[in-house]
Amino acid sequence: MTGRLKGKIAFCTASGAGIGRATAIAFAREGAKVIASDIDLKALAGLRDEGIAETHIIDVRNTKSVEDAAKRIGDIDILFNAAGFVHAGSVLECSEADWDFSFDINVKSMHRTIRAFMPGMLARAASNKTSSAIVNIASGAGSVRGIPNRYVYGATKAAVIGLSKAVAADFIRKGVRCNAICPGTVQSPSLDARISAQAKALHKTDDEVRQMFIDRQPMGRLGTAEEIAAMAVYLASDESAFTTGQTFLVDGGFAL
């Protein structure tokens, strides 16, 4: 099936790599006009060749950066929030600075983008007589399942689910839907970096640590960014017009 997002305008965060990049490309391939953003200019390289209409440098931790972007971009139909950071450690390894940083990038970034783009999403929904869609990336770690050494990360991702449900409830009759995706462990540049850091800390090889991540996945493999993007396309499309305030596990059985 193609053209599932034809005529829609989508704004995406963290489009430079991983789930964010795969989703921006998937939206474009389904016919959306995609405005992709990231804090790293180099990371956005090549996206225009994949059909992305515009690329912007935006810091989702900066309210003015987000608000200025919303003014420049204008009304949209789809908001995809993928910016995030994985802090490793228990409460004993989580400083107040770690807590504040994690909540700022994992949760407050979504507050910023939703608040900035919501007026335009409401306007598009009213004029097009169809629903606008917000899709937030949460995680299998958090309210779905407790994971060792993911204390503040799990707390932030549980907050993303709560935020998504609250937005869904507030705008359920105003044409804006909001859902969250909870991935399992997905192959990405971010995961590669975390594997290398953990390998160094544990005096193991990268391959040994990677196998640890694989072994905790019931399917016996890591997910791909494209598998998460496929769910994002569904939630952004009119196919899911009767769906809001829900969490969708794309986790290879991680929650079982």
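So which residues in the stretch 128-174 are among the small types (Gly, Ala, Ser) and part of a helix (DSSP H, G or I)?
Within the stretch 128-174, Gly154, Ala155, Ala158, Ala159, Gly162, Ser164, Ala166, Ala168, Ala169 meet the criteria.
Which one is nearest to Leu249 (Cα to Cα) among residues in the stretch 195-230 that are in a helix (DSSP H, G or I) and under 18 Å from the mean Cα position of the chain (by Cα)?
Among them, the one singled out is Ile228.
Against the conditions (1) of a type outside the set (Val, Ile, Thr); (2) farther than 17 Å from Gly84 by Cα; (3) in contact (Cβ under 8 Å) with a residue 60 or more places away in the chain; (4) part of a helix (DSSP H, G or I), where does Cys178 fall short? Just the number, please.
Result: Cys178 passes all but (4).
With (1) closer than 30 Å to Thr2 by Cβ; (2) under 15 Å from the mean Cα position of the chain (by Cα); (3) of a type in the set (A, V, I, L, M) as the list, and Ile52 as the residue in question, which single condition is left unmet?
For Ile52, the failing item is (2).
Residues checked against (1) surrounded by 23 or more Cβ atoms within 10 Å (Cβ to Cβ); (2) of a type in the set (S, T, N, Q); (3) at positive phi; (4) in a strand (DSSP E or B):
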| site | (1), (2), (3), (4) |
| --- | --- |
| Arg4 | no, no, no, no |
| Ser15 | yes, yes, no, no |
| Thr23 | yes, yes, no, no |
| Ser37 | yes, yes, no, yes |
| His56 | no, no, no, yes |
| Glu67 | no, no, no, no |
| Arg72 | no, no, no, no |
| Asp75 | no, no, no, no |
| Phe85 | no, no, no, no |
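Ala229 is checked against (1) closer than 28 Å to His111 by Cβ; (2) at pLDDT below 95; (3) not acidic (Asp, Glu) and fails just one. What number does that condition carry?
Among (1) closer than 28 Å to His111 by Cβ; (2) at pLDDT below 95; (3) not acidic (Asp, Glu), the lone unmet condition for Ala229 is (2).
Checking the condition crowded, with 22+ Cβ neighbours inside 10 Å, modelled with pLDDT of 95 or more, in contact with a strand residue (DSSP E or B) (Cβ under 8 Å, 6 or more places away or on another chain) and at negative phi, which residue from Ile134, Ile161 passes?
Matching residue, one of Ile134, Ile161: Ile134.
Looking at (1) touching a residue at least 60 places away in the same chain (Cβ under 8 Å); (2) under 29 Å from Arg29 (Cβ atoms); (3) crowded, with 17+ Cβ neighbours inside 10 Å, can you tell me which one Tyr153 breaks?
Going through the list (1) touching a residue at least 60 places away in the same chain (Cβ under 8 Å); (2) under 29 Å from Arg29 (Cβ atoms); (3) crowded, with 17+ Cβ neighbours inside 10 Å, Tyr153 breaks only (2).
Conditions (1) more than 20 Å from Ala83 (Cα to Cα); (2) basic (Lys, Arg); (3) within 20 Å of the chain's Cα centre (by Cα), marked per residue:
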| site | (1), (2), (3) |
| --- | --- |
| Ile114 | no, no, yes |
| Leu122 | yes, no, no |
| Asn128 | yes, no, no |
| Ser131 | yes, no, yes |
| Val144 | no, no, yes |
| Val152 | no, no, yes |
| Thr156 | no, no, yes |
| Val160 | no, no, yes |
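Any idea which of Arg194, Arg145, Arg173, Arg177 is out of contact with any strand residue (DSSP E or B) (no Cβ under 8 Å at 6 or more places or on another chain) and either crowded, with 19+ Cβ neighbours inside 10 Å or at pLDDT 95 or above (or both)?
Arg173
Give me the pairs: first residue in the stretch 240-256 and loosely packed, with under 13 Cβ neighbours inside 10 Å, second residue among the hydroxyl-bearing types (Ser, Thr, Tyr), beta-carbon distance under 9 Å, and six or more apart or on different chains, which are they?
Listed by first residue and then by second, the contacts come to Ala241/Thr130; Ala241/Ser131.
In the stretch 197-208, how many are surrounded by 14 or more Cβ atoms within 10 Å (Cβ to Cβ) and closer than 12 Å to Val86 by Cβ?
1
Residue-wise test of (1) touching a Ser or Thr at 6+ places or on another chain (Cβ under 9 Å); (2) within 24 Å of Gly16 (Cα to Cα); (3) aromatic (Phe, Trp, Tyr).
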| site | (1), (2), (3) |
| --- | --- |
| Asp75 | yes, yes, no |
| Phe80 | yes, yes, yes |
| Ala83 | yes, yes, no |
| Asp98 | no, yes, no |
| Val107 | yes, yes, no |
| Pro119 | no, no, no |
| Ala126 | no, no, no |
| Thr130 | no, no, no |
| Ser139 | yes, yes, no |
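Pairs only if they're at least six apart or on different chains, beta carbon under 6 angstrom, first in the stretch 46-65 and polar (S, T, N, Q), second modelled with pLDDT of 95 or more; list them, first residue then second.
Going by the 6 Å Cβ cut-off, the qualifying pairs are Thr55/Ala36; Thr55/Leu44; Thr55/Leu47; Thr63/Arg112; Ser65/Ile58; Ser65/Asp59.
The values are calculated or read from the model by the stated rules, or taken from the named source; none is laboratory data. Every value quoted in this text rests on a predicted model; they were computed, and no experiment measured them. Please note: Cβ atoms are built from the backbone with ideal geometry, for glycine as well, and neighbour counts cover all protein chains shown.
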